[in-house]
1. Through the Karplus equation 6.51 cos²θ - 1.76 cosθ + 1.60, θ set to phi - 60°, convert the phi angles of the stretch 75-86 into ³J(HN,Hα) values in whole Hz; use x for Gly and Pro.
2. Rounded to the nearest Å, what's the spacing between the alpha carbon centres of the stretch 56-105 and the stretch 36-52? Just the number, please.
3. Where in the stretch 12-30 does the amide nitrogen come within less than 17 Å of the point 7 Å from the Cα of residue 55, taken along Cα to Cβ?
4. Output ³J(HN,Hα) for the stretch 162-170: one whole-Hz value per residue in order, computed from phi by the Karplus curve 6.51 cos²θ - 1.76 cosθ + 1.60 with θ = phi - 60°, and x for Gly and Pro.
5. By what distance, in whole Å, do the Cα atoms of the stretch 4-171 stretch along each of the three principal axes, largest value first?
6. From the phi angles alone, apply the Karplus equation (6.51, -1.76, 1.60; θ = phi - 60°) to the stretch 111-127 and give each ³J(HN,Hα) in whole Hz, x where the residue is Gly or Pro.
7. Skipping prolines and chain starts, which residues have an amide H placed within reach, meaning under 5 Å, of the one on residue 172, given they are 5 or more residues away or on another chain?
8. Residue 33's amide H: which non-local residues (gap 5+, or another chain) put their own amide H closer than 5 Å, with H modeled 1.01 Å from N in plane and none for Pro or chain starts?
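Where a number appears in this text, it was derived from the coordinates with a stated rule and is not lab data. Model, not experiment: these values are computed from the prediction. Here the Cβ positions follow ideal geometry from the backbone for every residue, glycine too, while neighbour counts run over all protein chains shown.
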Amino acid sequence: MTWRLRRASPEDAPAVALVAAASFLTTFAGILDGADIVAHVAKNSSADRFADWAADAASVVTLAEHPDGAAPIGYTLLTTPDLPLAIGAGDIELRRIYTLPVAYGTGLGPALIVRAFDDARAMGRTRMLLGVYGGNDRARRFYERQGFTVAGRRQYQVGATLHDDFIYARPL
């Protein structure tokens, strides 16, 4: 499969929000409470939030589209770090990177992260940070293959439950 990666504009926010909701549900169904998933997505992945990020000069939203019909199938969000870690002027957070199951095994995940590295470097950033749910072994292996190492830990609340996350860092 060949996909198209492009920088999302505020007008793309509904498409990115759709992928955000579907991918969060796909990733965490059976791990998190269903009502908590719905509330979390409504609060953190609305079209308005993505429109604000897409319009923010300190953020980059990248949208991946399917080659047949340009349906949204993945995305990344680079933005100002919001992590319990010493943050430097050269730091940026990869706040989100998700693909839908239709793209699993196609190389889209690695392509999205390489694009995020390139975008971060173009912004003059020198280190990428991210937080990942501690129980998401698949994601943790992916980040480690991309050169990320554990730089800290945090607790992240989804609904009424605190979850233990790892904070990863990678020099650019």
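1. 6, 9, 9, 9, 7, 4, x, 9, 9, x, 8, 5
2. About 14 Å separates the Cα centre of the stretch 56-105 from the one of the stretch 36-52.
3. Flagged as within label range: 12-17.
4. Couplings: 8, 10, 8, 10, 9, 9, 10, 9, 8 Hz.
5. 41, 39, 31
6. Along the stretch 111-127, the couplings run 5, 5, 6, 5, 4, 5, 4, 4, 5, 5, 4, 5, 8, x, 7, 10, 8 Hz.
7. 127, 128
8. Excluding prolines and chain starts, which carry no amide H, there are no hits.
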